[in-house]
Amino acid sequence: MVRRAVGRALWPTWCTVTALAGCGVAHFPLHRNDASVGGYAVALGMSALCLAVALALTVRAAVPVLAVAVVLPAAMAAAGLYGTAAPSAEVSRTVDLTLAPAWVAVGAAVLASLVALTALCVRVASQAPDRCRTVRTVTRARRAD
C-alpha cells in the first residue's frame, strides 16, 4: 500500500523535472549580443539554477525543493513578460538573450511553474494521510488501555 502511494506521488515530480529542464534550456543565453555582463550573468544564472533545481529533484523531491521549483520559473516568466512589455533597454536586452523566442521561453516557465505547483500539492497531500494514521493508531491504543 505504501509503495503504491509513493509511485503515485513520483510521476508529478518527474513531470516537473522535465518541465524545469525545458525551461532552463529555453532560457539559456547562447550569445551575449549587446547585453551587459551583469544582464548576461543573470540570464545564465537563472538558466543554470533552473537546471540545478531539476537535478536536485531527481535526487530528492523534498517540499522545499518543490517550493523553489514553483517560485523560480514564475520569477523567470515574470521577468520575461516585464522585459517584453516594459521599454527598459537593459531588461529587454537580457530577455532577448534566450535560446528560444521570448513567448516560448515565457510559456515554458509558466508551464514549469504550474507543473511544479501540482507536484508540490501532490507531495503534501500524499504525506497527510500518514499523519492521520498515526493519530488514529495512538487513539486506538489509548482506548484499549
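Taken together, the values in this text are just the output of simple stated rules run on the coordinates, not laboratory data. Since the model is a prediction, treat every value here as computed from it, not as a measurement. When we count neighbours, we look across all protein chains shown, and the Cβ atoms used for this are built from the backbone with ideal geometry, even at glycine.
Observations
- Neighbour-limited loop hits for trypsin sites (Lys or Arg not before Pro), region 1-108 (at most 10 other Cβ within 10 Å; DSSP other than H, G, I, E, B): Arg60
- Region 18-74: relative contact order as a whole-number percent, Cα under 8 Å and 6+ apart: 41 percent
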